[in-house]
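Asks: Can you keep this structure in mind? I'll have questions shortly.
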Amino acid sequence: MQFLNDLNPYQKEAVTTTEGPLLVLAGAGSGKTKVITYRLIYLLKKLHIPAKRILAVTFTNKAANEMRERIKALTGNIKDLSISTFHAFGVHFLKEEIKVLGYMPKFSIYSDKDTLELLHSILIDLKLDAEKYPPRLMAYLISKAKNKLLFPEQAGLEDPVFRDIYRLYQEQLRVLNAVDFDDLIFLPVKILQSHSEIQQKWSQRFQYIMVDEYQDTNHSQYILIRLLSQFHNNICVVGDDDQSIYAFRGADFHNILSFEKHFKKDDPVKIITLKINYRSTPIILEAAYALISHNSKRHAKSVETFLKDGEKINLFETMEAREEAEIIADEIFNGRIEGKVPYHDHAVLCRTNTQMRTFEEVFRQKNIPYRLIGGFSFFDRKEVKDLIAYLKLIYNPLDNLSFLRIVNFPKRGIGDTTLEKFKNFAFAHDLSFLGAVDSLAHKTDSDLSKPLIHKFELFKELIEKYEKRFQESKVSEVLVEFFQEIELEKEFERIYKDEAPFRIKVIGDFIDYAKNYESYAKKNDELANLEGFLKNMSLLNQDTKDDDEETNHKVPIMTIHASKGLEFHTVFIPGFEEGNIPHDRSIKEGPAGIEEERRLAYVAMTRAKKRLFISHVSMRKIFGTETERIPSKFLKEIPKHLVADRDEKTEDEHLADLKKMFA
DNA sequence: GTCCCCAAGCCTCGC
DNA sequence: GCTTGGGGAC
Ligand SMILES: Nc1ncnc2c1ncn2[C@@H]1O[C@H](COP(=O)(O)OP(=O)(O)OP(=O)(O)O)[C@@H](O)[C@H]1O
């Protein structure tokens, strides 16, 4: 076992302790992910455990892909190995087991935008005021209930109206044969809890289970893991409570702090701490720990640094965001020329997506190659959503929401009144919308004219034709054919007029995405088909990075949330202002909100290996209006001697500046 | 049935 | 500031 020599004794112990519950609780950069990866290899290569007996859960799809690649490189084979996010695992599980709940295996996954639409229609059905029961709030409450594994009856104890909304929402989803994101965890748990034979099957299957970033799991995810590990009880989780930054999604770092209590059964729980940080310079680390030690609710850790020396943290302020981005662009340029640090070993970590746009513009102008990670989803664009609705309906004919989106796109002369009559007809006969089309001709109670009925029939034929085509040929090829058939470009020209060329380009991007998906599937020994494509889009699990080397030499621009688990030679954290980090919305939430923001800052800082730049602006545009900004209070929590403030000026210089300003 | 205009809210973070 | 979609005009 040559490869074990890459590990320190504590890491080695974590890797070779395979039986019983194991918790690795350790700070940033201490090699937790490395432990998980090596542990997988150890199980496969040394103990010869069949791949299908192991489940590894990562936080993001990117992390899953990276781990898969490393395992593939080291063992040559990744077939049958389950490395996925909780949600991707949920999809996998439900494909096999969702029948017991009365759903079909070909279910749709609704994004939160879709669920808002659904909630909107439910409020209308229940004749409720959307002002009094805002769909956003309802969606949030339903999500919270599902995280806590509560059904409508249990969640709506105080508020019967909410109970009814939640109940109807869940019923509608089932009729549409669709699930929301929370269902991907909630439903598997409910199935495992109520069907002991299924629970036995799955918990016997997974002899070893590992979870990375355990501090960001929520209650339902913890229960899911407990149910799956019940039989063998070989469960290993790693994490760092200081890096819990997904509370808004229900994550609760008490899961990791209570791991021992949760999992001790006959076997004792082993806890291993890793103290050595291999990533960052002592200066960066001292600053990050000084900051995080201001949090009251945390498990204190001691750290030692492996690296020596290093330069101070660079701090600077600019008037506005553009200038901030320009200075960063120049630093990256210099870093590459003078420091020989390649583009992709720099990273810009933003608090919000909106910040990213400025960097995109400035980098483009200054010819700095960049790539945006995450951010505004391509799939949220209206024109793309329409295209996806077609695919969803083709895949899942029960998906009425998608049907409504596209039955008159491109315009085929089916208007609101016609549609209203059609819907009533379908409801009266208890049919799905697509299913109702066939009955129109035989039944007399639809109140629709012959030509109108024919329009519906043509639409259904189109859907059915492509259902077949997608089974026969490659997704990307069928897409091209399909877009031609519905004369999409023509429609875009009609709707978008001058903007059409730009929108038409989006069609091309969509097809490129499909091609990318196909090569991604191939790389992972997966079958590329419509089902996989839809899943891939719903879970956003494509690495935006494609294979050509070009892309690997670009500066990533992303949010701090997306940077979790990554590391870079040089890190820039722009927008270090009060109101941005900590964000206004979090400040409003009180102390817990601020502590979460402090963890965010800690995560961002600890991504840096050698150089760290922190910057803030004095004016920032918020919803179009310029507002004055002051430096983040977190800045005061970083010891001054670790920081090189470029703007540190003498009194005289300040005076001179002021004079200049008013001259 | 379709087009077009204007009020209103927006994305903090994302599987 | 900009998108979006509801509601009225054609
Ligand atoms: N024993 C070791 N010797 C040398 N380098 C190591 C060792 N262990 C880990 N590293 C390196 O330290 C870096 C951080 O490791 P890793 O990403 O696994 O840490 P982590 O604890 O998961 O970090 P984080 O919690 O911040 O995501 C990696 O570059 C890794 O290769």
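The values are calculated or read from the model by the stated rules, or taken from the named source; none is laboratory data. What you see is a predicted model; the values in this text were computed from it and never measured. All Cβ positions, glycine included, derive from the backbone under ideal geometry; neighbour counts span all protein chains shown.
Asks: Condition first: under 18 Å from residue A:571 (Cα atoms) and at pLDDT below 95. Can you find one or more residues in the stretch A:290-307 that meet it?
Replies: Yes, the stretch A:290-307 has at least one match.
Per-residue answers, yes or no, for (1) touching a residue at least 40 places away in the same chain (Cβ under 8 Å); (2) in contact with a helix residue (DSSP H, G or I) (Cβ under 8 Å, 6 or more places away or on another chain):
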| site | (1), (2) |
| --- | --- |
| A:399 | yes, yes |
| A:426 | no, yes |
| A:441 | no, yes |
| A:449 | no, no |
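Asks: What number of residues within the stretch A:148-166 are assigned to a helix (DSSP H, G or I) and of a type in the set (D, E, K, R)?
Replies: Total satisfying the criteria: 3.
Asks: When you go through A:600, A:612 one by one, which is the residue that is assigned to a strand (DSSP E or B), away from DNA strand C (no atom under 16 Å from the Cβ) and aliphatic (A, V, I, L, M)?
Replies: When all the criteria are applied, what remains is A:612.
Asks: Another question, if that's okay. In this structure, does residue A:409 turn out to be under 37 Å from the mean Cα position of the chain (by Cα), outside any helix (DSSP H, G or I) and either among the small types (Gly, Ala, Ser) or within 16 Å of DNA strand B (Cβ to nearest atom) (or both)?
Replies: yes
Asks: Restricted to the stretch A:466-483, and to residues that are under 14 Å from residue A:507 (Cα atoms) and of a type outside the set (A, V, I, L, M), which residue is surrounded by the fewest Cβ atoms within 10 Å (Cβ to Cβ)?
Replies: A:481
Asks: Return the only residue of A:92, A:120 being surrounded by fewer than 19 Cβ atoms within 10 Å (Cβ to Cβ), at pLDDT 90 or above and within 16 Å of DNA strand B (Cβ to nearest atom).
Replies: Exactly one of A:92, A:120 is surrounded by fewer than 19 Cβ atoms within 10 Å (Cβ to Cβ), at pLDDT 90 or above and within 16 Å of DNA strand B (Cβ to nearest atom), namely A:92.
Asks: Out of A:36, A:71, which single residue is away from DNA strand B (no atom under 16 Å from the Cβ) and either surrounded by fewer than 18 Cβ atoms within 10 Å (Cβ to Cβ) or touching a residue at least 60 places away in the same chain (Cβ under 8 Å) (or both)?
Replies: From the options A:36, A:71, the qualifying one is A:36.
Asks: Looking at the stretch A:1-52, which of the residues that are in a helix (DSSP H, G or I) and of a type in the set (Gly, Ala, Ser) is nearest to residue A:233 (Cα to Cα)?
Replies: Across the stretch A:1-52, the extreme among qualifying residues is A:14.
Asks: Does the stretch A:491-540 hold any residues that are over 30 Å from residue A:75 (Cβ atoms), free of Cβ contacts under 8 Å to residues at least 40 places away in the same chain and among the acidic types (Asp, Glu), and which are they?
Replies: Selection gives A:493, A:498, A:499, A:512.
Asks: A follow-up question, please. Being within 18 Å of residue A:565 (Cα to Cα) and either surrounded by 16 or more Cβ atoms within 10 Å (Cβ to Cβ) or in the same structural domain as residue A:18 (by the TED database) (or both): is that true of residue A:274 here?
Replies: So residue A:274 passes the test.
Asks: Which pairs do you get when a residue that is at pLDDT 65 or above, found in the stretch A:637-655, comes within reach of a residue that is in a loop (DSSP other than H, G, I, E, B), reach meaning Cβ atoms under 9 angstrom, with the pair 6+ apart or on two chains?
Replies: A:637/A:293; A:637/A:294; A:641/A:312; A:642/A:312; A:643/A:312; A:644/A:311; A:644/A:312
Asks: Is there a residue in the stretch A:204-220 that is in the same structural domain as residue A:62 (by the TED database) and in contact with a Cys (Cβ under 6 Å, 6 or more places away or on another chain)?
Replies: Taking every residue of the stretch A:204-220 in turn, at least one turns out to be in the same structural domain as residue A:62 (by the TED database) and in contact with a Cys (Cβ under 6 Å, 6 or more places away or on another chain).
Quick grid of which residues meet (1) in contact with an Asp or Glu (Cβ under 7 Å, 6 or more places away or on another chain); (2) within 30 Å of residue A:499 (Cβ to Cβ); (3) within 16 Å of DNA strand C (Cβ to nearest atom):
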position: A:368; (1), (2), (3): no, yes, no
position: A:384; (1), (2), (3): no, yes, yes
position: A:402; (1), (2), (3): no, yes, yes
position: A:426; (1), (2), (3): no, no, no
position: A:446; (1), (2), (3): no, no, no
position: A:461; (1), (2), (3): no, no, no
position: A:465; (1), (2), (3): no, no, no
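Asks: Any residue in the stretch A:186-209 that is touching a Gly at 6+ places or on another chain (Cβ under 6 Å) and more than 21 Å from residue A:92 (Cα to Cα)?
Replies: No - not one qualifying residue is present in the stretch A:186-209.
Asks: Here is a list: A:521, A:592, A:562. Which entry is within 16 Å of the ligand (Cβ to nearest atom), part of a helix (DSSP H, G or I) and within 23 Å of the chain's Cα centre (by Cα)?
Replies: A:562
Asks: Scan the stretch A:344-352 and tell me whether some residue there is in contact (Cβ under 8 Å) with a residue 60 or more places away in the chain, touching a Pro at 6+ places or on another chain (Cβ under 6 Å), crowded, with 16+ Cβ neighbours inside 10 Å and under 16 Å from residue A:573 (Cβ atoms). Full working, then the answer.
Replies: As a first pass, look at the stretch A:344-352 and keep what is in contact (Cβ under 8 Å) with a residue 60 or more places away in the chain: A:344-352.
Filter again for touching a Pro at 6+ places or on another chain (Cβ under 6 Å), leaving A:347.
Still in the list and also crowded, with 16+ Cβ neighbours inside 10 Å: A:347.
Applying the additional criterion that residues be under 16 Å from residue A:573 (Cβ atoms) yields A:347.
The answer is yes; a qualifying residue exists.
Asks: Can you go through A:51, A:26 and tell me which one is without any contact (Cβ under 8 Å) to a residue 60 or more places away in the chain and surrounded by 14 or more Cβ atoms within 10 Å (Cβ to Cβ)? Explain how you work it out, then say what you get.
Replies: On the way: A:26 fails: without any contact (Cβ under 8 Å) to a residue 60 or more places away in the chain.
Just a single option satisfies the conditions, and that option is A:51.
Asks: Also, I was wondering about something else. Checking the conditions here, which among A:541, A:536 is within 12 Å of DNA strand B (Cβ to nearest atom), buried (at least 18 other Cβ atoms within 10 Å of the Cβ), at pLDDT below 90 and assigned to a loop (DSSP other than H, G, I, E, B)?
Replies: One residue alone meets the criteria, A:541.
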